[in-house]
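Asker: Quick one: the structure is below, questions incoming.
What follows draws every value from the coordinates through simple rules; no lab data is involved. Here the structure is a predicted model, which means the values were calculated and not measured. Cβ: placed from backbone, ideal geometry, glycine included. Neighbour counts: every protein chain shown.
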Amino acid sequence: MSTILATPLPIELPDVEPLRLIGDTGKAVPAKQRHGFEIPELATLLGIYRSMVVARRWDTQVTALTRQGRLSTYPSARGQEASEIGTVSAMSPSDWLFPTYRDSIAVLTRGVPTAEILTGFRGDWHCGWNPHEHATAPQATPLATQVLHAVGFATAAKLKNDPIATVAFIGDGATSEGDAHEGFNFAGVWQAPTVFVIQNNQFAISVPYSKQTRARMLADRAIGYGIPGFHVDGNDAAAVYAVVTAALDRARRGDGPTIIECLTYRVEPHTNSDDPSRYRDASEVEKWRAKDPIERLERYLVSEGALNQSVRDEISEAAEATAKAMREALNQEPKLDPMELFENVYVTKRASLQAQQAALQTELDLDGDSKK
Ligand SMILES: Cc1ncc(C[n+]2csc(CCOP(=O)(O)OP(=O)(O)O)c2C)c(N)n1
């Protein structure tokens, strides 16, 4: 054993076979294949199922609103609900989430109001919500930048003895960015309390995994950073929840970061402006649609007697109410204040910015006077 290593780490390459706790057909995986992880309690899984159903209805409604021109663009997370909701359900309200544009349903599950989430996608200039109120950072569009933010935030919390952890979502394509490497590396060096959830949905717009990397799987990279890596079935909410819970516990105990690769699939186009028929076969999409994460959990809950018709009706009413509230919020014309452009960037505005602000105010006043 090298004497250079301060803490020799018992880190091994993850299994190629992704960890599952509930199989494709909704049956519990035998205990000896669960690698020491327990299937979460039924009440926990029912809560996750509820959030997944609400999230899917929400996602479908947003896509419909893009077609009506109420939103310019929306990246759907349909089919990724187990990775998205399984992850955030394992977080405590004080842990910070660092999401990407793909992760609106995770932001929704964190409790951010609908209209606030969609502000950015609607074309407004800011993130829409107060990140401190929901311990949820703005959704990053520049790929992998959120990885650095999550590591920096977690390291600052560690220095302040604030016992929180951070979670960064990242796509398979974005792991090729330098920022991802820098973030993973320094999380290892500083033992940052961060959990990286790589959602391998197998495409970066039109670029498939095979053209992204020669790595056997993305979870393999963890060993190079001295970080434990897990390869999880990203359509099994039970497995995602169990592994993220364990990683968050490690992080809060001071044992450092974890990289979790959730193997899943983007069944919808990259965004509403993409045409996936140009780069992938419909039969592949159908194969993955059949592995639907909500149906899988539903089958398990029904077979365990935890989901009956009246609970289903109540969940579907809640989902409809969420969609209705969103339609109503987005069908109102936003009242925008151009002067807001000057807020929330600098604590102390430079003289040139103050001059521009004053000039715009004068123009708006003149415009107001001319309409009187
Ligand atoms: C730094 C940077 N480069 C390029 C882009 C353009 N871009 C937007 S999404 C995307 C693909 C990302 O794929 P992946 O990380 O797998 O996430 P997914 O969209 O599949 O969730 C690209 C290249 C960007 N947003 N930021």
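Asker: For a quick check of your reading of the filter: which chymotrypsin sites (Phe, Trp or Tyr not before Pro) in the stretch 252-346 sit in a DSSP loop and have no more than 12 other Cβ atoms within 10 Å? Spell out each step's value before the answer.
Answerer: On the way: sites: Y265, Y279, W288, Y300, F342, Y346; in loops: Y265, Y279, Y346.
Passing sites in the stretch 252-346 are Y346.
Asker: Next question. What angle, in degrees between 0 and 90 and rounded to the nearest 10, separates the Cα long axis of helix 145-159 from the longest principal axis of the Cα atoms of the chain?
Answerer: 80
Asker: Of all DSSP beta bridges in the chain, what percent run antiparallel (nearest 5)?
Answerer: Numbers: 3 of 26 bridges.
Looking only at bridges with both residues in the chain, the antiparallel portion is about 10 percent.
Asker: Let me ask something else. Looking only at GluC sites (Glu not before Pro) in DSSP loops with at most 15 other Cβ atoms within 10 Å, what is the longest site-free stretch of the chain? Numbers along the way, then the final one.
Answerer: On the way: sites that count: E12, E38, E41, E304, E343.
Longest stretch, sites excluded: 42-303.
Asker: Restricting to Cα pairs below 8 Å that are 6+ residues apart, what does the relative contact order work out to for the chain? Please round to a whole percent.
Answerer: Relative contact order, the chain: 24 percent.
Asker: Tell me, rounded to the nearest percent, the portion of alpha carbon pairs in the stretch 93-186 spaced more than 22 Å apart. Let's see the in-between values first.
Answerer: On the way: 1222 of 4371 pairs.
Percent of Cα pairs beyond 22 Å in the stretch 93-186: 28.
Asker: Over 23 Å between C-alpha atoms is what I'm after, so list which of K335/K371; K27/K287; K211/K287; K287/K324 land there. Don't skip to the end; give the middle numbers.
Answerer: Details: K335/K371 18 Å; K27/K287 19 Å; K211/K287 21 Å; K287/K324 31 Å.
The pairs that break the limit, which is 23 Å between Cα atoms, are K287/K324.
Asker: If you fit an axis through the alpha-carbon atoms of helix 42-67 and take the longest principal axis of the Cα set of the chain, what angle between them do you get, 0 to 90°, nearest 10?
Answerer: Once rounded, the angle reads 40 degrees.
Asker: Right, here's the next one. Express in nm, to one decimal, how much length is gained between S370 and A321 on full extension, taking 0.36 nm for each residue of separation and deducting their alpha carbon distance. Please report the intermediate quantities before stating the final value.
Answerer: Working: separation 49, 0.36 × 49 = 17.64 nm, distance 4.33 nm.
Going from the current span to full extension adds 13.3 nm.
Asker: Give me the Debye-computed log₁₀ of I(q)/I(0) at q = 0.10 Å⁻¹ for the chain, equal point scatterers on Cα only, no solvent, two decimals.
Answerer: Log10 of I(q)/I(0), two decimals: -0.66.
Asker: Something else about it: Quote the convex hull volume per residue of the stretch 238-372, based on C-alpha atoms, as a whole number of Å³. Show your work: numbers first, answer last.
Answerer: Details: hull volume 38.1 nm³, N = 135.
Dividing the Cα hull volume of the stretch 238-372 by its residue count gives 282 Å³.
Asker: Find how many whole Å separate the alpha carbon centroid of the stretch 327-372 from the alpha carbon centroid of the stretch 159-237.
Answerer: The stretch 159-237 and the stretch 327-372 have Cα centres spaced 39 Å from each other.
Asker: Report, by chain and number, residues whose modeled amide H sits under 5 Å from the one on V29, excluding near sequence neighbours (fewer than 5 apart, same chain).
Answerer: Amide H neighbours of V29: I22, G23.
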